[in-house]
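The structure appears right after this line, and notes come after that.
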C-alpha cells in the first residue's frame, strides 16, 4: 500500500510536469495546427538557462527563475517569427519538417556549447519533506504540484476571461474570421507561443529539480511524452492536456513499478494507441464530421 | 478541328532509357569497384544509399501518394531487420543466396503483418492523429525490442551473417522503384492518389478507401522490412535504438525534400542527403547543426515567392527542352 | 419499375430533426428536381442516399434492393453516382485520370496484372481510355484530357464532375446544384446536356437546384423540402403554383 501510494505520488509529480508541457503543445496546436516538435527543446533550454544562472553567475533563485521564464518565452516567439510564420500558408508537412529542423538545431547548438555530457542541476527547491500516512512526500513533489495547479488555474482564467485569451480562442476556431473581426492574429500567435514556452520553462525547472541530470537531448523524450499526453486528452483542448498529463504520468510511474522497468515506455505509447483507437480525437474531444 | 489523340499507355522510349540507366549505373559501379576506386568505405556508402532508397520510395507510397503522414516507418524497418536476422542466425545451414533471399522476404512479410495490425485500427484516424499513432507504434516496437533478451536487447543483436553486397541491395532498390512506379500507373495507383486528393469524392466514385489505405500501408511496410533485412545483413549487428523516431524522421525528410509523390525527386534527395554528410566528415561535430539549418532553410526557401517564380521558370524551361514531348499537331 | 424508392426517411443531428418522413420514388429515365430554401435539408438527403450519413430511420431501395447501412463506395458501385455542391475533383490529377478513377469498379485487373504489365492491364487500360474519351466528348472536354483538373475553368470543372459521376456507370445520378455559379448561357447549355445524358444513358436523375428556369425546363417532377419536411410534390406546374411553396420561398 505504501509502495502504491509512493508510486502514485511519483506519477502525479511527473504527470504535473507533463501536463504543463502538454499545455504548450496543445495551445500551439490549437492556434497554428502545428505539432511543435521544438517545444521539447524549450524545456532543455530552460533547464540550461537555470543552470547557468545559478551555477555560473550565482544569481538568487527567484531572479534565475524569472530570467529563465523570460528567456524561454522570448525564444518561443523568436522561433515562431523566424521559422513558422513564413510558412503559415505552406503545407502542414513542411511546417512539421521545419519544427523538427528547429528541434535538431537547438539540440546541436547546445551540444556544441555544453558538450553531450550530462550536467548536474543545482538544488533550487528547498522545501522539507512531509510525512503523510507513513508516506514521505518530498518537498519537490509538493512544490511541483502546487506550482502546476496554480499555473493551470491562472491559464484557465486567462484564456476564458481576458480579451487576449478570447482572441486566442477565436484564432484557434477560425483565424481568417478572427482577422476580419479585427483581431491581430500575428500578435495572438506570438502570445500563444510565449505562454507555451514560459510554461515549458517552468516545467523544465521542475523536471530538472526532480531528475537533476541535464543534457542537450533531454527535451526530446519528455517532449514526445508530453505531446502524447496532449493527444490522449484531445489535442487543442486545454483541460485535455491537463487530464492527459496526469493520466500518462500515473500510468508511467505505476507500470514502471509493477509491470516492467523496461517496458514502461511501450505501455505509455500503447495507452496512446488504444485511446486513439477508441476515441479517435482524444478523451475530451467533441466529434466533428466533415461537411460534404 | 484537330483529331484528339491520346498518349500511349506506357512510353516505350522512356522505359528503354530507364533500363539503360539502370544497367549503366550498375556497370559503372562494378567497373570502379574492380579498378579499386570504390573501396570498402565507398561501397558502404553505396549500400546505405540503396537501403535509404528502398525506405524512401516505400514511404513515398503512404506519405507521398496516399497523403497520410507516417512517423513510424523505422518501426517497420526494425521488424524486418530483426525478423530477417533471426531467420539467418537460426538457419545457418541453408546455402547462401537462398538463405539471404528467404530472410529478406520473411523480414518483409513480418513488417507487412505489423503494418496490417497497426494499419487496420489506425486508418480510421485522419491527418495528424494517424501521424501520432504511427509515432507511438514505432516507439512501442523499439521498446519491446529493447526488452527482448533473446535478440540481444539493448546490447544489440550480434553475429548476423554479413552477406549484403552492393549487387543485392541494388537489385532490391530496382524492384522497389519499379513496383511502386508500375503500381502507381494503374487503377490501384489512381485509387491511392484519389484518396490523397479528396477522400469523400474518392469514396463517392466507388473506391474502397479503407482497402486501399491498408494496401498502401502494407506494401510500404513490406519494403521497409526488406530494407531492414538488407541493413541487418550489411551491419552484422543491429541495435533497437537505430530504429527510433529520428530514423523515421530522416526518411520522412528525404521524402519531403524530394517532393512528395515524386520518385525521381525522392531518389535525388535520398542520394544527396545520404552522401553529403559523408563528404563533410571532417566537420563531423557540425553535422547535425548543418543538417538542421539546411532543413529549415530549404523549407523556408521553398515557400519564398521569389524562389517559386524561379522554379516555375525552370519548369517551363525543362518542358521546352523535354525530349519526350509529344509533337504538337498544328 | 422504380429505380429509387425512399420511404419514411429521417435523420437526427443531436436534437435536431434535419429531415423527417421523406418519401420519394424515381422511375427509370425520370428527371426529378429537389428544391427548397437554403438549409431545408436537400444536401442531407443526398448524403443519406449515398451513405455519407446514416439515416436514423426509413428505408432506401435501389432497383428493389434495400441498401440501408451500405458504405458510400458500395452504394456508388451499386449504381448511385453524385456530384457535389462545392466541386470536389481530384485537382492535381489529369482530367482523364479523374474519369478513370471512377471506372475503378467496372474495369478490374489485379495488382499482379498491374506490376507485371500483363496483357490484361494493357487491354483494360486501353478500353478505359477509349470509354473515358467517349464520356468526355459529351461535354466536349476531350481536348483537356491531359491537363490538370484544377486548370479547367469553373464551368468545365462542374461538367467534369458530372462526367466522373457518369463513369461509375450509374442507374441514378444525383446532381447537387449543377448550375451554381454559371451564367445564363452556360446554364442553358447545361440543361440540354443533362437532358441528353438522360436520354443517351437511360438513367434517372435527381437534381438539387435553385435556378427555377433550369428546374422548370427539364424536370418532370419536383419535390419541395422545407425545414426537413416535404412541402409539396408532383408535376412542375402544380407544385410551383402551390401557395405554401411560394410562401416558403418568398416569405408570407
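Just to confirm my filter: which helices (runs of 4 or more DSSP H) fall fully inside the stretch C:50-144 and include at least 3 residues that are out of contact with any helix residue (DSSP H, G or I) (no Cβ under 6 Å at 6 or more places or on another chain) and buried (at least 17 other Cβ atoms within 10 Å of the Cβ)?
Helices (runs of 4 or more DSSP H) meeting the threshold: C:72-78, C:119-138.
Any chance the stretch A:157-164 includes a residue that's touching a residue at least 60 places away in the same chain (Cβ under 8 Å) and either at negative phi or crowded, with 20+ Cβ neighbours inside 10 Å (or both)?
Going through the stretch A:157-164, the residues touching a residue at least 60 places away in the same chain (Cβ under 8 Å) turn out to be A:159.
Remaining after also requiring either at negative phi or crowded, with 20+ Cβ neighbours inside 10 Å (or both): A:159.
Checking the stretch A:157-164: at least one residue is touching a residue at least 60 places away in the same chain (Cβ under 8 Å) and either at negative phi or crowded, with 20+ Cβ neighbours inside 10 Å (or both).
Residue check: is residue A:93 facing chain B (nearest Cβ under 7 Å), at pLDDT below 90 and within 26 Å of residue B:70 (Cβ to Cβ)?
On the way: facing chain B (nearest Cβ under 7 Å): yes; at pLDDT below 90: yes; within 26 Å of residue B:70 (Cβ to Cβ): yes.
So residue A:93 fits the description; yes.
Any idea how many residues of the stretch C:231-252 are part of a strand (DSSP E or B) and either over 20 Å from the mean Cα position of the chain (by Cα) or free of Cβ contacts under 8 Å to residues at least 12 places away in the same chain (or both)?
The total comes to 4.
Taking the criterion of being modelled with pLDDT of 85 or more, closer than 26 Å to residue A:271 by Cα and either within 14 Å of chain A (Cβ to nearest Cβ) or over 22 Å from the mean Cα position of the chain (by Cα) (or both), would at least one residue in the stretch B:95-114 satisfy it?
The answer is yes, given that some residue of the stretch B:95-114 is modelled with pLDDT of 85 or more, closer than 26 Å to residue A:271 by Cα and either within 14 Å of chain A (Cβ to nearest Cβ) or over 22 Å from the mean Cα position of the chain (by Cα) (or both).
Looking at (1) away from chain B (no Cβ under 14 Å); (2) buried (at least 16 other Cβ atoms within 10 Å of the Cβ); (3) out of contact with any strand residue (DSSP E or B) (no Cβ under 9 Å at 6 or more places or on another chain); (4) touching a residue at least 24 places away in the same chain (Cβ under 8 Å), find the lone condition where residue A:67 falls short.
(4) is the only condition that residue A:67 fails.
Of the conditions (1) at the interface with chain B (Cβ under 9 Å from one of its Cβ atoms); (2) part of a helix (DSSP H, G or I); (3) free of Cβ contacts under 8 Å to residues at least 60 places away in the same chain, residue A:224 satisfies every one except a single condition; which number is it?
Condition (3) is where residue A:224 drops out.
For residue B:66, all conditions in the list (1) surrounded by fewer than 18 Cβ atoms within 10 Å (Cβ to Cβ); (2) touching a helix residue (DSSP H, G or I) at 6+ places or on another chain (Cβ under 8 Å) hold save one; what is the number of the exception?
Just one mismatch for residue B:66, condition (1).
Restricting the search to the stretch B:1-39, which residues are over 24 Å from the mean Cα position of the chain (by Cα), modelled with pLDDT of 90 or more and within 14 Å of another protein chain (Cβ to nearest Cβ)?
none
Can you tell me which residue in the stretch A:279-292 is surrounded by the fewest Cβ atoms within 10 Å (Cβ to Cβ), limited to those that are more than 9 Å from chain B (Cβ to nearest Cβ) and modelled with pLDDT of 85 or more?
Looking at the filtered set, the residue picked out is A:279.
Mind listing just one residue for me: the one in the stretch C:183-225 that is touching a helix residue (DSSP H, G or I) at 6+ places or on another chain (Cβ under 7 Å) and in a loop (DSSP other than H, G, I, E, B) and, of those, farthest from residue C:156 (Cα to Cα)?
C:219
The values are calculated or read from the model by the stated rules, or taken from the named source; none is laboratory data. Just so you know, these numbers come straight off a predicted model, no measurement behind them. Note that we place each Cβ from the backbone using ideal geometry, even for glycine, and neighbour counts take in every protein chain shown.
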